[in-house]
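Working notes, beginning with the structure itself.
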Amino acid sequence: MTILIVDDDDVWVKVVTRYFTELKYKVFSSYTWAGALALADQHVPRAILIDGSLPDGTSSGFCATLRANAKFDKTALIVVSGDDRAADCCKADKFVLKGGSLSEVEAAITEALKAKAA
């Protein structure tokens with residue numbers, strides 16, 4: 001399965017990339033909103049993990065852009081943020097508070113994809 005990680009925290013991106021790579025996911029990452037949109041368009045990931053706030057945009061704007069494109073109807077959007085207010089302002093499938101275990105993030109991906117398949 002292909003996932004896209006969108007976050008401006010280099011350490012977090014590396015840790016999450018390592019975690020999901022070990023689980024045999026194909027992982028792409030971007031530190032910016034614009035870069036993430038380009039990668040999403042090119043690879044159409046099954047899941048996208050996006051931080052609540054990026055230097056060039058917000059998760060709300062990113063989610064709205066993807067939701068407007070039928071190409072991403074089956075893509076699970078999961079906001080992973082240290083700011084719990086990000087959960088309310090986005091059309092994401094799931095929200096995970098940053099700082100928890102990566103197994104929580106993995107579970108959110110699984111749950112979101114099951115809901116999309118239903």
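Values in this text are rule-based calculations from the coordinates and carry no lab data. Keep in mind it's a predicted model, so treat the numbers as computed, not measured. When we count neighbours, we look across all protein chains shown, and the Cβ atoms used for this are built from the backbone with ideal geometry, even at glycine.
At a glance:
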quantity	calculated
Tail fraction, Cα-Cα pairs, the stretch 20-62, threshold 13 Å, whole percent	53
Candidate values (i) 14.5; (ii) 13.8; (iii) 14.9, label of the one derived for Kirkwood radius over Cα pairs in Å	(ii)
R0 of 25 Å, Cβ-Cβ distance GLN42-ASP73: FRET efficiency to nearest 0.05	0.90
Separation in nanometres of the label points that stand 7 Å from Cα toward Cβ, at LEU23 and SER103	1.1
Ordering of 100-108, 47-55 by burial proxy (mean other Cβ atoms within 10 Å per residue, highest first)	47-55, 100-108
Cleavage-rule hits (chymotrypsin sites (Phe, Trp or Tyr not before Pro)) in the stretch 1-82: DSSP loop, at most 14 neighbouring Cβ within 10 angstrom	none
DSSP bridge orientation in the stretch 2-117 - percent antiparallel, rounded to nearest 5	10
